[in-house]
1. Taking the full set of protein chains and a 1.4 angstrom probe, give the accessible area of Glu52 in square angstrom, rounded to the nearest 10.
2. Mind checking which of Tyr24, Gln4, Met14 is farthest towards the positive end of the chain's charge dipole, using Cβ charges of +1 (Lys, Arg) and -1 (Asp, Glu) about the Cα centre?
3. Out of all DSSP beta bridges in region 35-117, what portion is antiparallel? Express it as a percent rounded to 5.
4. Considering Cα pairs under 8 angstrom that are at least six residues apart, work out the relative contact order of the chain and quote it in whole percent.
5. Could you work out [θ]222 nm for the chain from helices alone, using -39500 (n - 2.57) per DSSP H run of at least four and dividing by all its residues? Round to the nearest 500 deg cm²/dmol.
6. How much accessible area per residue does region 37-96 have, counting only protein heavy atoms and a probe of 1.4 Å, in square angstrom?
7. Regarding region 1-94, what is the average projected area of its C-alpha convex hull, in nm²?
8. What dipole magnitude, in Debye to the nearest 20, does region 30-88 give about its Cα centre under +1 on Lys/Arg Cβ and -1 on Asp/Glu Cβ?
Amino acid sequence: MKVQKFSFSDAKLMKSPGQGADIYVGNLVDERDGGPVTIGYGRYAPGQSLTETMAVDDTMIILHGRLSVSTSDGTVTAGPGDIIYMPKGQSVTITTEGEGATTAFVTYPHWAEAHKG
(Lines give C-alpha, C1' and ligand atoms only; values in the text may rest on other atoms or scores of the structure.)
Protein backbone atom coordinates (compact mmCIF):
# COMPACT_ATOMS: atom_id res chain seq x y z
CA MET A 1 0.00 0.00 0.00
CA LYS A 2 1.06 3.59 -0.51
CA VAL A 3 0.39 6.85 1.34
CA GLN A 4 -3.06 8.14 0.43
CA LYS A 5 -5.27 11.13 1.27
CA PHE A 6 -9.06 10.94 1.39
CA SER A 7 -11.95 13.39 1.59
CA PHE A 8 -15.59 12.78 2.43
CA SER A 9 -16.45 13.21 -1.25
CA ASP A 10 -14.31 10.12 -2.03
CA ALA A 11 -16.60 7.83 -0.03
CA LYS A 12 -19.35 5.90 -1.79
CA LEU A 13 -21.87 5.76 1.04
CA MET A 14 -24.17 2.74 1.33
CA LYS A 15 -26.76 1.74 3.88
CA SER A 16 -25.10 0.16 6.91
CA PRO A 17 -25.51 -3.61 6.37
CA GLY A 18 -28.10 -5.38 8.51
CA GLN A 19 -29.49 -2.16 10.00
CA GLY A 20 -32.90 -0.55 9.64
CA ALA A 21 -31.69 2.86 10.76
CA ASP A 22 -30.86 5.73 8.39
CA ILE A 23 -27.10 5.19 8.76
CA TYR A 24 -24.63 5.05 5.88
CA VAL A 25 -20.99 3.96 5.65
CA GLY A 26 -18.36 4.35 2.96
CA ASN A 27 -15.11 2.40 3.16
CA LEU A 28 -12.06 4.03 1.63
CA VAL A 29 -9.51 1.36 2.60
CA ASP A 30 -10.56 -2.17 3.50
CA GLU A 31 -9.73 -5.86 3.11
CA ARG A 32 -9.60 -5.51 -0.69
CA ASP A 33 -6.58 -3.19 -0.34
CA GLY A 34 -4.45 -5.63 1.67
CA GLY A 35 -3.97 -3.50 4.77
CA PRO A 36 -4.87 -4.51 8.35
CA VAL A 37 -7.58 -1.87 8.98
CA THR A 38 -10.73 -0.46 7.43
CA ILE A 39 -10.89 3.33 7.11
CA GLY A 40 -13.99 5.23 6.07
CA TYR A 41 -16.73 7.73 6.73
CA GLY A 42 -20.17 7.38 8.25
CA ARG A 43 -23.31 9.50 8.07
CA TYR A 44 -26.03 9.24 10.70
CA ALA A 45 -29.40 10.94 10.04
CA PRO A 46 -31.12 12.83 12.89
CA GLY A 47 -32.87 10.76 15.55
CA GLN A 48 -31.30 7.41 14.66
CA SER A 49 -30.37 4.60 17.02
CA LEU A 50 -28.21 1.56 16.36
CA THR A 51 -27.56 -1.22 18.88
CA GLU A 52 -24.96 -3.91 18.31
CA THR A 53 -22.17 -5.89 19.91
CA MET A 54 -18.91 -4.69 18.41
CA ALA A 55 -17.40 -7.36 16.14
CA VAL A 56 -14.16 -5.35 15.81
CA ASP A 57 -12.28 -2.58 17.62
CA ASP A 58 -13.75 0.66 16.26
CA THR A 59 -12.37 4.19 16.61
CA MET A 60 -14.84 6.88 15.52
CA ILE A 61 -13.98 10.57 15.05
CA ILE A 62 -16.93 12.97 15.05
CA LEU A 63 -16.55 15.50 12.22
CA HIS A 64 -19.96 17.18 12.32
CA GLY A 65 -23.02 16.98 14.57
CA ARG A 66 -23.40 15.05 17.82
CA LEU A 67 -23.97 11.48 18.85
CA SER A 68 -24.05 9.43 22.03
CA VAL A 69 -22.74 5.95 22.68
CA SER A 70 -24.34 4.07 25.56
CA THR A 71 -23.03 0.91 27.22
CA SER A 72 -23.71 -0.87 30.49
CA ASP A 73 -21.05 1.46 31.97
CA GLY A 74 -22.88 4.67 31.01
CA THR A 75 -23.17 7.11 28.12
CA VAL A 76 -20.63 9.32 26.38
CA THR A 77 -21.72 12.17 24.13
CA ALA A 78 -19.39 13.48 21.45
CA GLY A 79 -19.26 16.40 19.05
CA PRO A 80 -16.90 17.72 16.38
CA GLY A 81 -13.27 16.82 17.06
CA ASP A 82 -14.11 14.19 19.69
CA ILE A 83 -13.02 10.56 19.39
CA ILE A 84 -14.93 7.53 20.67
CA TYR A 85 -13.30 4.11 21.02
CA MET A 86 -15.58 1.06 21.05
CA PRO A 87 -13.75 -2.19 21.90
CA LYS A 88 -14.51 -5.54 20.32
CA GLY A 89 -17.15 -7.44 22.32
CA GLN A 90 -18.74 -4.31 23.86
CA SER A 91 -22.51 -3.93 23.44
CA VAL A 92 -23.22 -0.33 22.35
CA THR A 93 -26.17 1.83 21.37
CA ILE A 94 -25.25 4.75 19.11
CA THR A 95 -27.84 7.53 19.05
CA THR A 96 -27.76 10.74 17.03
CA GLU A 97 -28.84 14.09 18.37
CA GLY A 98 -30.01 17.25 16.60
CA GLU A 99 -28.99 17.29 12.95
CA GLY A 100 -27.35 13.86 13.03
CA ALA A 101 -23.63 13.27 12.63
CA THR A 102 -20.81 12.72 10.15
CA THR A 103 -17.93 10.56 11.33
CA ALA A 104 -14.63 9.10 10.19
CA PHE A 105 -13.71 5.64 11.44
CA VAL A 106 -10.91 3.12 11.65
CA THR A 107 -11.64 -0.51 12.52
CA TYR A 108 -9.36 -3.43 13.29
CA PRO A 109 -9.74 -5.93 11.86
CA HIS A 110 -12.01 -5.26 8.88
CA TRP A 111 -15.62 -4.72 9.98
CA ALA A 112 -17.17 -6.11 6.76
CA GLU A 113 -15.30 -9.43 7.14
CA ALA A 114 -16.35 -9.66 10.80
CA HIS A 115 -20.02 -9.15 9.87
CA LYS A 116 -19.85 -12.00 7.31
CA GLY A 117 -18.69 -14.57 9.84
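The values are calculated or read from the model by the stated rules, or taken from the named source; none is laboratory data. Model, not experiment: these values are computed from the prediction. Here the Cβ is made from the backbone with ideal geometry for all residues, glycine too, and neighbour counts use every protein chain on show. These accessible areas exclude ligands, DNA and RNA; they are computed on the full protein's heavy atoms, side chains included. Shrake-Rupley method; radii C 1.70, N 1.55, O 1.52, S 1.80 Å.
1. Number for this one is 40 Å².
2. It is Gln4, whose Cα lies furthest towards the positive end.
3. Among the beta bridges of region 35-117, antiparallel pairing accounts for roughly 100 percent.
4. 29 percent
5. For the chain, the value works out to -1000 deg cm²/dmol.
6. 47 Å²
7. For the Cα atoms of region 1-94, the hull's average projected area reads 6.5 nm².
8. Once rounded to the nearest 20, the dipole reads 220 debye.
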